[in-house]
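Just below is one structure, and these are the notes that go with it.
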Amino acid sequence: MNTIEMQSAPALLDHDAALNNSELAIIAQSATGEQDLAAHSTKTASSTPKKGQQNQFKSYEDWKAYIRKSFIEGSGIAPEIFDACVEFHQDIECGLGGDVETPIHDALGWEYKRFRHQANEPLYAAFLLNEDKSVWQVVVSIWDIEKQRPYKYFAPKGDGNRAFLPPLPIGIRQLIAQKSGLDVPMFGNFWQWVKESVNEVGATEGGKKTLSALSIGHIMIGLYGCECGAPGRPPALNPDLAAFVGPGSTLVIAFDQDEKLTAVKAVTRGIRKLKLVLQNLGAYLAIVEWSPKDGKGLDDLIVNKGEEAFDDAYNKAIAYMESQFAVSKDSSTDKRPTADIISREIAEEFRDRLAYNNEARQWMHYEIKLPGVWSGETEEAIEMIVYQIITARGIEGYSTHSYITNIVKFLRSQLFVREWNERSPKELMPFFNGVLEIATGKFLPHSPGYRLTWQLPRSHDPKATDWSHIDAFLTHLAEGNRQLKDLLICYCNAVLKGRSDLQKFLHLIGLGGTGKGTFSRLIVNLIGKENVHSTTLDDWCSNRFEGANAHRKRLVLFADEDRQTGKLGRFLSLTGEDPIRAEEKGRKAFHYQYDGMVLVLSNLAIFMGDAASRVKRRVISFPCNNAVDPIKRRNLDKEFEPELAAFTNYVLSLSDDHVTAVIKGLQEIPECTLEFWENRTRVDSIAAWLNQCVIADPMAKTAIGNDRFEGEDGSTVTTLFGSYNRYCHRAGSKPKNHNNFSPDLLEMCRSVLGWSVEKESTKTGKFIRGLRLRVAGIDDLIPTHDYTLAQNLNKGDGTGDGTGDGSEPILHKGFTDGDGTLISQLEKQVELVFEPESQIDNSLLEENSLTPQPVENDLVINKSGLGFEPSPSVKASPNNGFEPSPQPSPQPSPSVTTRQPVKGDRVRLLSGGEVYLISWVSCGSDKVLLVSALTGQPLTAPSPLRSGAAAGGLNLIDVSELEFLDT
């Protein structure tokens, strides 16, 4: 720790016990320099915080100010490079989508324990970032007992011995250009330019020293410690460092000038290892030295003596090295062609067979594995190819391997492909024997210009037509339902054509032996095993290297998943055409947009709580309930294999419009709607309560409430929150808290059920208009939502025209009058929800209008673009709907009573005999608005009993058309 750090460390004297002046002097004297992270004491993410190591900073802002001052003033680091490569984080942060994130724990691989007897102390951190945005090192606000300072250094777990290659802003690049005389690019990848164009680079230990040297114009690479340049026995050059060092190049090291014997031995050992590996490589080593009195680290030297002092020490090291390794200009008699010349010759010969894919940072080789397909190659593989080429040409005697690596570097520039514009499977479908042009049906030969990186694992056979075994299996899986079967076939089309634009994934739910695994294997064999990435939701959402495995894949399979309650942001990016970060160890990360499909399998519902709400717009829940007798089960893969060509032909014959309509739910499938709702009620307590205890009523207004113990004293529950908690208590479910209840309830009603509900605030409390609690004995004839959806399975002709998915408010259904008891009971209830005003305002007219409202629908969208369109009225009959009351309805009075109408009057339409309540009276008392006495539904739509009613709005009824039942 620098002296300035010791003076400004917050709460230093308050840690455990106060330190006396002599102790502080000893600490300050031993901490005048700072070694960021020595090789022998490198802390990784496995070094989890220990008990008693507390955060000494009063606030996040204090931490940021302290680190900034320590770097800029304490180590002479330019503010612009500090801002470019240092990123601050807290242990808990809120992401853009509202997700709670733990960036420090995620970066270091720590487990964040949320529930303890004592609250977690806040943690602050400063991330040192590489140019590729990867984290090189993390400074955490944990008290370092050993070094008596309020922070510790940690390295990300599993990254290995990496070098620090920070991003450089334009100002720093200009300084480097002035000091080195090199033509430094002001934009783009700085360190890639150094690899390709610079013959002399520096290396030091620690992030601060690296940034300090860069701030004064020296190209400096950071290492974790003095022995990290060539670790191991026997020593091997650090892989990151090796990319900058080759035959004839110079490495300038500026390690700490320690005076402790153990530290001196470590530095000497590190230099000796570096010298050995560089000599074997044909490179040179220059050692920068200065007096320890001027500062331990190079940043201390720059702060104490100025940048000129380090410049002098650096130049002396170069001069001494050159004097030791002076070589006569006439000593070279090498007659072999130079690397640039031979690379041009190779590039011309292999231009259609080799290419460097800039997007994926990878070499590509045409037809090395499959005909017509570009496959990825490693750097080592390309070097092997170059070696074989130059050996065949009789070129030898180049003594070092750098000759080959230099040829490869030149080749990269000459075969560089900035954008890998692969032809979409919507345009060309690659087969083993050629490519099928989707638009015209023409079968074309392979060509490297298509840039294809995959193909179907079979030849195209246009004459193949028999896929009877596959057809029988799909019929079984769909339980004979043509719509469900069509959905499965359309999904196969989406997988083949890469219909990521649909932003949907298929979720097969059912117990073992129902065909889920067989269908997944059918899909895998259809698209090809090499084109599928199989993973788990846990790995995909938590492993930062998992994203690279799905690059260029056509299907990502999540087989046999368990319940999920954690973060799903990365999974939603996979299904939502969002950029996905791909990172491989030792390679620069890149982003890509996944253009394939996703398949999830599970025995039960897996998306819990908030996760269920987040995936609702993307998921297609497919029920797998048709189990096969264990005795009759067999492996169908062999039976399917000879039919895959014919099945492929049929699947590709489907039109894109039809596939879009089916996958996006423009044609409703009641089975999927019911499966989704049943799964939602299993994992969401609000959905389960809504299903059992709530009725949609456009005229109702019910208090939300805030008493979770309401009704426990025997009183009647009248609020939504009280009813919800009572239901959860009886059902053994864990209720949500009051703050989340009403937002989640509104979201459920609007987005999932398509109910028109609004939250209102008055002087007396908060209410939700459009919902009322189910009343036993009164609402017994009104079915629950899941029952209505189940009834829809037997309705209609199976064409899925979008009418009647069962998601409309239950009050839209018609019922018989019965014996009149129900009418009188409902009459009292309706009076409770009417507004007290005698006239109805325009806002209420608009609110009661049944004009469909746009909603976000997770599965079913009707043809008009709206979700969950209401069903037509259900007629009571012995075979459909509900049984009529055994007691006949009273006969209408033979005489018609007419008088001046009053709001709340019970009336009967003369044209049909339906019973209504008056909800509004015109100023002249000659026109009224009516609502059903049974359900509270406004009279809006035409009906068989009143065919003249106009659809789409509230209908004004003339008083002369009414019979008043209340005298």
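The values are calculated or read from the model by the stated rules, or taken from the named source; none is laboratory data. These numbers come from a predicted model, not from an experiment. Heads up, the Cβs are rebuilt from the backbone with ideal geometry, glycines too, and the neighbour counts pull from every protein chain shown.
Go through the range 713-742 and give me each residue that's of a type in the set (K, R), assigned to a loop (DSSP other than H, G, I, E, B) and buried (at least 19 other Cβ atoms within 10 Å of the Cβ). Don't jump to the end; show me each part of the working.
Restricting attention to the range 713-742, the residues satisfying the condition of being of a type in the set (K, R) are 726, 730, 734, 736.
Checking the rest, the ones that are also assigned to a loop (DSSP other than H, G, I, E, B) come to 734, 736.
K736 - this is the single residue of the range 713-742 that is of a type in the set (K, R), assigned to a loop (DSSP other than H, G, I, E, B) and buried (at least 19 other Cβ atoms within 10 Å of the Cβ).
Within the range 197-209, residues that are closer than 13 Å to A243 by Cβ sit with their Cβ atoms under 9 Å from residues that are part of a helix (DSSP H, G or I), at 6+ positions apart or across chains, in these pairs: V198/S180; V201/V194; V201/L241; A203/T210; A203/L241; A203/L274. Of all residues assigned to the range 560-577, none qualifies as being surrounded by fewer than 21 Cβ atoms within 10 Å (Cβ to Cβ), among the hydrophobic types (A, V, I, L, M, F, W, C) and in contact with a strand residue (DSSP E or B) (Cβ under 7 Å, 6 or more places away or on another chain).
All conditions but one from (1) out of contact with any Leu (no Cβ under 8 Å at 6 or more places or on another chain); (2) within 26 Å of R458 (Cβ to Cβ); (3) in a loop (DSSP other than H, G, I, E, B) apply to G372; the one that does not is (1).
Out of the residues in the range 70-85 that are more than 35 Å from the chain's Cα centre (by Cα) and assigned to a helix (DSSP H, G or I), state the one that is surrounded by the most Cβ atoms within 10 Å (Cβ to Cβ). Lay out the reasoning, then the answer.
Going through the range 70-85, the residues more than 35 Å from the chain's Cα centre (by Cα) turn out to be 70, 72-78.
Pick out the ones that are also assigned to a helix (DSSP H, G or I) and you get 70, 72-75.
Details: S70: 23, I72: 17, E73: 14, G74: 23, S75: 26.
My answer is S75.
If you go through the range 933-962 and keep only what is touching a strand residue (DSSP E or B) at 6+ places or on another chain (Cβ under 6 Å) and at pLDDT 60 or above, you end up with A933, G936, P938, L939, L956, I957, L962. When the range 135-150 is examined, which residues are found to be within 27 Å of the chain's Cα centre (by Cα) and either part of a loop (DSSP other than H, G, I, E, B) or of a type outside the set (A, V, I, L, M) (or both)? Correct list: W136, Q137.
On the stretch given as the range 410-445, residues that are within 36 Å of the chain's Cα centre (by Cα) and outside any strand (DSSP E or B) total 16.
Is it fair to say A582 is closer than 30 Å to A242 by Cβ, surrounded by fewer than 20 Cβ atoms within 10 Å (Cβ to Cβ) and not aromatic (F, W, Y)? Break it down into steps so the answer makes sense when it comes.
Values: closer than 30 Å to A242 by Cβ: yes; surrounded by fewer than 20 Cβ atoms within 10 Å (Cβ to Cβ): no; not aromatic (F, W, Y): yes.
Taking the combined requirement at face value, the residue does not satisfy it.
Identification of strands (runs of 3 or more DSSP E) wholly contained in the range 496-575 with 3 or more residues that are in contact (Cβ under 8 Å) with a residue 40 or more places away in the chain and closer than 23 Å to K485 by Cα yields 505-509, 555-558. The listed residues are V435, V495, and the only one of them that is modelled with pLDDT of 95 or more, more than 20 Å from D657 (Cβ to Cβ) and among the hydrophobic types (A, V, I, L, M, F, W, C) turns out to be V435. Restricting the range 446-485 to residues that are of a type in the set (F, W, Y) and either assigned to a loop (DSSP other than H, G, I, E, B) or in the same structural domain as S653 (by TED's automatic domain parsing) (or both) leaves a set whose member that is surrounded by the fewest Cβ atoms within 10 Å (Cβ to Cβ) is F473.
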